[in-house]
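The structure under discussion appears below in the form of structure tokens.
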């Protein structure tokens, strides 16, 4: 097996004060974001939040109303798309049906004027990288959806792009293939070292592949952080509720802490500073103990393989969701009295 040559082109990206309006809709509302060389940043958010608009502006497929885009310190805001050196992978595979797999991968090199021998060598190298060395002479119609998207990835990387842009690349695939290709994309990106902007609405996808995740909300970045920090320490109510599952539990805030289900818990930055609010608590921070002196009863248990999700009804009628090892959940029965507690390092408390 030959060794893939690591891309030498570094791509440090900077968005500065990007605004983009479509009529009354603010797609981007002052976006500022930096990508370090070799970093994969995932923009995550619901439809219409502005994440794809940001990617398209970086690609040169859309134009900001104001603000600038820099790559390697060079302002490319007004550089045509075909002069930016971007590699793109879309939700639709966009392969040329009349070209072989190898010819598809080499297409950008041909446009660039590389000779036939160089194109063939680079295409072979990229197909090996994505595990499709034996498929170079096939056509797109002879490949599965996952294989076609691998070809699209190989084609995007073949030109040694300054930045790799991935726009919902896995959305058209079934669940099992999506997970496999997600992991493959991350492996390839790490091996090649290309600065990458990945856009998705799938939170699991974002958390699994990113160096940092940027959560977008109505054209603005609510938070940009490594996946573990984003999940454990959400900066806003929107982030806490959009990323993962959160219980909403009544909390009394006094000073730097909150009282939740009788226990005292430190506050995350951005929390309500006093009074009564709602603590946003992850299911895995909820503990369940079978007990005669209980504050809840089991409503239902959902088995999800190595862990289970348990719904309990508190004394005040509120439903709380806990995530526990299935080995512990198997001993719980419907209507069983249990003691429910919160065991979190810190919580975000918001207004009710």
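Please treat every number below as a calculation from the coordinates, not as lab data. Owing to the predicted nature of the structure, the values given are computational and were not obtained by experimental measurement. Here the Cβ is made from the backbone with ideal geometry for all residues, glycine too, and neighbour counts use every protein chain on show.
In the chain, Cα pairs under 8 Å separated by at least six residues give a relative contact order of 17 percent. The Cα trace of the stretch 163-240 gives Rg and Dmax of 12.9, 36 Å, the first to one decimal, the second as a whole number.
Using only the alpha-carbon atoms, how far is helix 116-129 inclined from the longest principal axis of the chain? Give it as 0 to 90 degrees, nearest 10. The helix 116-129 is inclined about 20 degrees to the chain. The tail of the calculated P(r) for the chain, taken as Cα-Cα distances beyond 25 Å, holds 61 percent of the pairs. Relative to the longest principal axis of the Cα atoms of the chain, helix 175-192 runs at roughly 60 degrees.
Once you sort the root eigenvalues of the Cα gyration tensor of the stretch 77-216 as a ≥ b ≥ c, which label holds: rounded (a/c under 1.5), prolate (a/b larger than b/c) or oblate (the other case)? Verdict is oblate for the stretch 77-216. Across all Cα atoms of the stretch 246-350, the radius of gyration (one decimal) and Dmax (whole number) stand at 13.9, 41 Å. Would you please state the base-10 log of I(q)/I(0) at q = 0.18, 0.33 1/Å for the stretch 223-266, with intensities from the Debye formula using one equal scatterer on every alpha carbon? For the requested q values the scattering log ratios are -0.63, -1.08.
Translational diffusion of the stretch 1-117 was estimated from the Stokes-Einstein equation, with Rh taken as the Kirkwood radius over Cα pairs; at 20 °C and 1.002 mPa s the coefficient is 131 µm²/s. DSSP bridge analysis restricted to the chain gives an antiparallel fraction near 75%, rounded to the nearest 5. Across the stretch 100-144, Cα-Cα distances exceeding 14 Å account for 43% of all pairs. For the chain, the 222 nm mean residue ellipticity estimated from helices alone, with every DSSP H stretch of n ≥ 4 adding -39500 (n - 2.57) and the total spread over all residues, rounds to -7000 deg cm²/dmol. Taking the fewest neighbouring Cβ atoms within 10 Å as the starting point, the ordered list for 141, 133 is 141, 133. Between 0 and 90 degrees, the angle of helix 145-158 with respect to the longest Cα principal axis of the chain falls at about 60 degrees. How big is the stretch 146-290 by the Kirkwood estimate over distinct Cα pairs, in Å? Evaluated on the stretch 146-290, it is 17.6 Å.
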